[in-house]
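Here the structure is laid out as structure tokens; the discussion comes afterwards.
What follows draws every value from the coordinates through simple rules; no lab data is involved. Note that the structure is a prediction, hence the values are computed from the model and not measured. Neighbour counts run over all protein chains shown; Cβ positions are idealised from the backbone, glycine included.
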Amino acid sequence: MDLRELALVTFSILAQMSVGAFLVLGVVKYFVARKAGVEEADRMGDRSLIAIIIVLGLGMLASLLHLGSPLSAPRAVTNFATSWLSREILSGSIFIVLGALYAILQWFKLGPSVLRTVIGWLAALVGIVLVFCMAMVYMLPTQPAWNNLATPVSFFTTTLLLGALAMGAAFVANYAYIQKKNPGCADLQCQLLRSTLRWIAVFSVIMLGVEFVVTPVYLVSLATGVPQAVESAKLIAGPLGALFLIRMILAFVGAGVFGFFLYQNAQSAGREKLLGYMAYTAFVLVLAAEVLGRLVFYSSRVGITL
């Protein structure tokens, strides 16, 4: 795998994680605001906005390396009407602009709350479009290993799973900051944190289940497909087998095992430090799993020669 493909791995993982984190943050803030008020929702989630925008920005920078010449990026958008790659670049650019705008307005409380909310959900919608465009870029008839329904499904699963666990880690870090700087509001934030982590744990297990259903179906479709698809299946079972197996184990331990214990321990107060270790570990393990999965994705292609 060359530098350009490593750049694609970096971009795709970071961009999808950013979109997922933005979506999860929006949903969490909505329910926390209904339960405890807008002020507590902002206190819980606003600091993570900066990290989301920085991560997405790094992902977009990595994507420029794949173009060979970063100066060619503006020209790549001109084929918007016919090219999924152009749509990906355009939607990614719009997402980072809207996300950054929302972060600035929200951080400094500029403008009416309704306006900020609308911009935030517009950014989330564009993020969904971005992930869809990313998936469609690989739906190529000449690449049977990519031209499969499993590609968009796995991209969105990565988006939601990584986004949820990233926000779980972010909420834990935010609570530690609040506990240190403003102990007076830490008790309510602790309750909100534990409730949120329980839902994140449940959601992560569900997303893991989706991955564990889609993956074997995908492998069977390759093994029973055209010769090039069969060759891809052999690569995954052979030279790429170790990476594939490690990826599945890391995902199971991170989202499944740690997700279960995260849910169990989030039901009782006084275990916030342990919850922090679990949330961080689950996120790191699943991030490593998704990176390995994306390496297998790019390395297993066998193209049809026209």
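Can you name every residue in segment 138-166 that is farther than 18 Å from Glu290 by Cβ and either without any contact (Cβ under 8 Å) to a residue 24 or more places away in the chain or of a type in the set (A, V, I, L, M) (or both)?
Those that are farther than 18 Å from Glu290 by Cβ and either without any contact (Cβ under 8 Å) to a residue 24 or more places away in the chain or of a type in the set (A, V, I, L, M) (or both): Met139, Leu140, Asn147, Leu149.
Quick test for you: out of Ala176, Ala186, pick the one residue that is surrounded by fewer than 21 Cβ atoms within 10 Å (Cβ to Cβ), in a helix (DSSP H, G or I) and without any contact (Cβ under 8 Å) to a residue 40 or more places away in the chain. So that I can check it myself, show each step before the final result.
Details: Ala176 fails: without any contact (Cβ under 8 Å) to a residue 40 or more places away in the chain.
On inspection, the qualifying residue turns out to be Ala186.
Name the helices (runs of 4 or more DSSP H) wholly within segment 229-300 that hold at least 2 residues that are without any contact (Cβ under 8 Å) to a residue 60 or more places away in the chain and closer than 19 Å to Phe155 by Cβ?
Numbers: elements: 241-251, 258-265, 272-299.
In segment 229-300, the matching helices (runs of 4 or more DSSP H) lie at 241-251, 272-299.
May I ask you to list the residues in segment 235-260 that are aliphatic (A, V, I, L, M) and more than 11 Å from Ser204 (Cα to Cα)? Before the answer, list the steps.
The initial filter retains those residues of segment 235-260 that are aliphatic (A, V, I, L, M), namely 235-237, 240, 242-243, 245-246, 248-251, 253, 255, 257.
Passing the criteria: Leu235, Ile236, Ala237, Leu240, Ala242, Leu243, Leu245, Ile246, Met248, Ile249, Leu250, Val253.
So how many residues does segment 137-148 have that are surrounded by fewer than 17 Cβ atoms within 10 Å (Cβ to Cβ) and either in a helix (DSSP H, G or I) or of a type in the set (A, V, I, L, M, F, W, C) (or both)?
Number of matching residues: 2.
Only one of Arg198, Arg116, Arg194 is in a helix (DSSP H, G or I), of a type in the set (D, E, K, R) and more than 21 Å from Asp42 (Cβ to Cβ); which? Give the steps one after another, and end with the answer.
Details: Arg116 fails: more than 21 Å from Asp42 (Cβ to Cβ); Arg194 fails: more than 21 Å from Asp42 (Cβ to Cβ).
Among Arg198, Arg116, Arg194, only Arg198 is in a helix (DSSP H, G or I), of a type in the set (D, E, K, R) and more than 21 Å from Asp42 (Cβ to Cβ).
Within segment 1-52, how many residues turn out to be outside any helix (DSSP H, G or I) and either surrounded by 22 or more Cβ atoms within 10 Å (Cβ to Cβ) or not acidic (Asp, Glu) (or both)?
In the first step, residues of segment 1-52 are kept if they are outside any helix (DSSP H, G or I); the result is 1-2, 37.
Now drop any that are not either surrounded by 22 or more Cβ atoms within 10 Å (Cβ to Cβ) or not acidic (Asp, Glu) (or both), which leaves 1, 37.
Number satisfying all stated conditions: 2.
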